[in-house]
Amino acid sequence: MNRFTPTLLFSAALLLGAGTAQAALPAEATLYKNPQCGCCDGYADHLEEMGIEVTVIDDRDLGQIKEASGLPYGLGSCHTIEMGGYVIEGHVPLAAVEKLFEEQPDIDGIGLAGMPIGTPGMPGSQQSPYEVYQFTDRQESDFMTL
């Protein structure tokens, strides 16, 4: 074995690992939002940068969408996303979205309440930890903290 073989093997393993995480993400998503909300468009842009084709639907009754998704009362945000059989509520950091699709837990979805500064689509630097929750049948529990 020459001196480059270990480096090549390590590089190939890294590339394979990166490809696996990216391959776990769905190719499409639907984002429901109020037509006047620009930060939601910013979140859609972040998803598109990850290679996800995003359909943005404006002017929908978001309350009905959130209720139908099983979202726990009081934990909503400005937009709701349907993606790969899950619901993603609000400005969930992309690391949590990747974890969701890597692990594929038996839940309805994940969310981040409010519109925290520094999340995808929201300008500024992170001010405090992002407490991402998971939910099923309107019941939430911790998913991850970023």
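None of the figures in this text is laboratory data; all of them are computed from the coordinates on show. Note that the coordinates shown come from a computational prediction; the quantities given were computed from them, not determined experimentally. A quick note on method: Cβ atoms are made from the backbone with ideal geometry, for glycine too, and the neighbour counts reach across all protein chains shown.
Rg over Rh for the stretch 5-145 works out to 1.01, using Cα positions for both radii and the Kirkwood form for Rh.
Looking at the stretch 5-145 only, what percent of DSSP beta bridges run antiparallel? Nearest 5 please. Just about 65 percent of them are antiparallel. Straightening the chain between Tyr73 and Asp58 buys 3.2 nm, computed as 0.36 nm per residue apart minus the Cα-Cα spacing.
Return, ordered by residue number, the residues of the stretch 93-119 whose backbone nitrogen is under 17 Å from a label point located 7 Å along Cα→Cβ of Thr145. Those under the cut-off are 93, 96, 111-113. Each 10 Å bin from zero holds the following percent of Cα-Cα pairs in the stretch 69-146: 20, 58, 21, 1. Remark: Cys78, Cys37 ranked as Cys37, Cys78, counting other beta-carbon atoms within 10 Å and listing the fewest first. Modelled spin labels at Glu98 and Met115, positioned 7 Å past Cα toward Cβ, are 2.7 nm from each other.
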